[in-house]
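Here the structure is laid out as structure tokens; the discussion comes afterwards.
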Amino acid sequence: MAKEGVEKAEETEQMIEKEAGKEPAEGGGGSHRLGDAQEMRAVVLAGFGGLNKLRVTRKAMPEPQDGELKIRVKACGLNFIDLMVRQGNIDNPPKTPLVPGFECSGIVEALGDSVKGYEIGDRVMAFVNYNAWAEVVCTPVEFVYKIPDDMSFSEAAAFPMNFVTAYMMLFEVANLREGMSVLVHSAGGGVGQAVAQLCSTIPSVTVFGTASTFKHEAIKDSVTHLFDRNADYVQEVKRISAEGVDIVLDCLCGDNTGKGLSLLKPLGTYILYGSSNMVTGETKSFFSFAKSWWQVEKVNPIKLYEENKVIAGFSLLNLLFKQGRAGLIRGVVDKLLELYNQKKIKPVVDSLWALEEVKEAMQRIHDRGNIGKLILDVEKTPTPLMANDSTETSEAGEEEEDHEGDSENKERMPFIQ
């Protein structure tokens, strides 16, 4: 049962209206009361597959259970894992229909029983076990973190997944220290940019990065050495560092696993934290999955022993929602916010999209067109041409499959903070 007094509810509503700066347009953002049920806008995945499975519709607004906070969402993070969820390209996918999304930022609107340390009106960011892409979410208090006054909601939505993943891999798994070297794939993405920034907080760390050529000018100052994602980066790295590198961070999988292991110095650590090579088309491809699986080098523990190499995996969502390490993650978030307050790290936001533009935003990730993080801005007014096919009243149609080289035709001006 939520501990909402009338005065507190009115105070929160006024704060939300003040943050928004205007009344929601008819048929646009904001909650509505139909009969006795209050409703909200949310992105709904009707079934696994292509972009045409996504719709913005109205759902019943959730209320906080014991130990939960209710958050009026301002912004949501969009990650590559969301694309894989849409395709059903994950282990044990949940049942559809569902509301995607794992991270958001906003204002605390209500507190469930036994919640302490938070007040209605607090500005927060949060992890959510699905359901983040909506105007309102409820999530356990252990997954919620207060944000600094000078951190925008878009920055806050770009912060948890990327920076916690980067920090955990570098410092908790690989034990990054002064003078070490790191190879990170997809250096222009949200995690890649977080890795680069965190490496810069340690003296004399060399960062090798791979990224699409068109991103190089924008990110060249964030890494030490930058290579095209399709180049023979193994030879390029060894030309600069004959021994290889101390840490390899791989979000691609496939044949990059063997390449990464071959680049490790003695006592080096290879960490797999994604498998984006399995995503080639708009829908799940058994051929891409089989090819990627087949290309993964079969690891021989005896060989690891002889070569003094470490191979590891990291899944932040599993660590949080399946393995009960919320306390560990809270400590990491505290350290990261301290670095943010010291102006040593800052989320890179690629662009802002309305909920109704989720298909176009997801296509941009698929095309590897983003530099930094894509954000769903709950209060943003959609561009009319983009919103037509993402609402529940529009006709479902076949989506044309876009290719990586075509992404520039539909890109908007990036929003870099």
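The values are calculated or read from the model by the stated rules, or taken from the named source; none is laboratory data. These numbers come from a predicted model, not from an experiment. Neighbour counts are summed over all protein chains in view; Cβ atoms, including those assigned to glycine, are modelled from backbone coordinates with ideal geometry. The area values use the complete protein model at the heavy-atom level, side chains included, leaving out ligands, DNA and RNA. Shrake-Rupley method; radii C 1.70, N 1.55, O 1.52, S 1.80 Å.
Against the numbered list (1) in contact with a Pro (Cβ under 9 Å, 6 or more places away or on another chain); (2) within 24 Å of E356 (Cβ to Cβ); (3) outside any loop (DSSP other than H, G, I, E, B); (4) open to solvent by less than 10 Å² (accessible area, probe 1.4 Å), A132 comes up short only at (3). Considering the conditions (1) open to solvent by 30 Å² or more (accessible area, probe 1.4 Å); (2) closer than 22 Å to E142 by Cβ, K343 is excluded by exactly one of them, (2).
All conditions in (1) without any contact (Cβ under 8 Å) to a residue 60 or more places away in the chain; (2) polar (S, T, N, Q); (3) open to solvent by less than 10 Å² (accessible area, probe 1.4 Å) hold for T139, with the sole exception of (1).
What strands (runs of 3 or more DSSP E) lie completely within region 290-384 and have 1 or more residues being within 16 Å of M168 (Cβ to Cβ), more than 15 Å from the chain's Cα centre (by Cα) and not assigned by the TED database to the domain that holds V99? Quick ask: steps written out before the conclusion?
Working: elements: 310-313, 349-353, 373-377.
Strands (runs of 3 or more DSSP E) meeting the threshold: 310-313.
In this entry, F208 is excluded by the filter for residues that are touching a strand residue (DSSP E or B) at 6+ places or on another chain (Cβ under 7 Å), more than 26 Å from E307 (Cα to Cα), in contact (Cβ under 8 Å) with a residue 12 or more places away in the chain and crowded, with 20+ Cβ neighbours inside 10 Å. Residues in region 206-227 that are β-branched (V, I, T), outside any loop (DSSP other than H, G, I, E, B) and either closer than 17 Å to I365 by Cα or touching a helix residue (DSSP H, G or I) at 6+ places or on another chain (Cβ under 8 Å) (or both): V207, T210, T213, I219.
Consider region 117-159 and keep the residues that are among the polar types (S, T, N, Q) and out of contact with any strand residue (DSSP E or B) (no Cβ under 7 Å at 6 or more places or on another chain). The one that is nearest to V99 (Cα to Cα) is N129.
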